[in-house]
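Peer 1: Quick one: the structure is below, questions incoming.
The values are calculated or read from the model by the stated rules, or taken from the named source; none is laboratory data. Bear in mind the structure is a predicted one, so any value in this text is a computation, not a measurement. Cβ: placed from backbone, ideal geometry, glycine included. Neighbour counts: every protein chain shown. Side chains included, ligands, DNA and RNA excluded: accessible areas come from the protein's heavy atoms. Shrake-Rupley method; radii C 1.70, N 1.55, O 1.52, S 1.80 Å.
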Amino acid sequence: MAIHTERLTLRPWREADAASLFTYASDPDVGPAAGWPPHRSIEESREIIRTVFAAPHTFAVCLAATDEPVGSIGLMPSRCELNRRDDGLELEVGYWIAKPFWGRGFAPEAVRAMQRYAFETLGCKALWCGYYEGNTSHYASSKNVGSRHITLSATCPASLWAMCVPSTLRI
């Protein structure tokens, strides 16, 4: 399954994407801001594709013109206990975009596509988007997709953005 936007294609990861993934995921400015260490080899990137990126509702964010993966986006159960539900009606969206593509609006474009997929295809009722303090680009893109800031408690290590009412979102 693929999801198409004006400039992007969200599609399942392929093992053949390992070299591109390594090129961008080895950047020390990318992974730590998203909560994971930089990749150390193409083989490590290939293993991430086989395991982490094989999860349901996880997609490579690809440039539509070239099909080159320049990031990743996925839906998962919330990592924060205060808003976790086991019925699949509330999910967390996580994403990253490669540094050479920052500032071009690709993150909000990909998140809007995932909002449509979550609400319209999966029947999700709420999406949560966490970010680590200091990750100002993630903070900015979360505001650009119609979400609102939610303050929970010290038991949740990241700040959250809620995307709860699909009818009010600009998707």
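Peer 1: Name the single residue that is surrounded by the most Cβ atoms within 10 Å (Cβ to Cβ) among those in segment 86-137 being closer than 22 Å to P32 by Cβ, modelled with pLDDT under 90 and among the charged types (D, E, K, R).
Peer 2: Once the filter is applied, the top-ranked residue is E92.
Peer 1: Go through segment 14-43 and count every residue that is open to solvent by less than 30 Å² (accessible area, probe 1.4 Å) and in a loop (DSSP other than H, G, I, E, B).
Peer 2: Number satisfying all stated conditions: 2.
Peer 1: Restricting to segment 54-64, count the residues that are of a type in the set (A, V, I, L, M) and either closer than 10 Å to L8 by Cβ or assigned to a strand (DSSP E or B) (or both).
Peer 2: Here is the first cut: in segment 54-64, the ones of a type in the set (A, V, I, L, M) are 54-55, 60-61, 63-64.
Pick out the ones that are also either closer than 10 Å to L8 by Cβ or assigned to a strand (DSSP E or B) (or both) and you get 60-61, 63-64.
Final tally of qualifying residues: 4.
Peer 1: Among what's in segment 76-85 and is within 17 Å of A55 (Cα to Cα) and more than 12 Å from the chain's Cα centre (by Cα), pick the residue that is modelled with the highest pLDDT.
Peer 2: Here is the first cut: in segment 76-85, the ones within 17 Å of A55 (Cα to Cα) are 76-79.
Among the residues that remain, those that are also more than 12 Å from the chain's Cα centre (by Cα) are: 77-79.
Values: P77: 83, S78: 65, R79: 55.
Per the stated criteria, the residue is P77.
Peer 1: Still on this model: Identify all residues within segment 46-62 that are surrounded by 15 or more Cβ atoms within 10 Å (Cβ to Cβ) and within 17 Å of the chain's Cα centre (by Cα); write none if there are none.
Peer 2: Step one: of segment 46-62, the residues surrounded by 15 or more Cβ atoms within 10 Å (Cβ to Cβ) are 46-49, 53, 57-62.
Correct list: I48, I49, F53, H57, T58, F59, A60, V61, C62.
Peer 1: Could you look through segment 55-66, keep only residues that are closer than 20 Å to V30 by Cβ and not polar (S, T, N, Q), and pick out the one that is modelled with the lowest pLDDT? Can you show your working first?
Peer 2: Step one: list which residues in segment 55-66 are closer than 20 Å to V30 by Cβ, which gives 55, 58-63, 66.
Subset that is not polar (S, T, N, Q): 55, 59-63.
Numbers: A55: 95, F59: 98, A60: 98, V61: 98, C62: 98, L63: 98.
Out of the qualifying residues, it is A55.
Peer 1: Please work out if T66 is of a type in the set (S, T, N, Q) and surrounded by 15 or more Cβ atoms within 10 Å (Cβ to Cβ).
Peer 2: Numbers: of a type in the set (S, T, N, Q): yes; surrounded by 15 or more Cβ atoms within 10 Å (Cβ to Cβ): no.
No.
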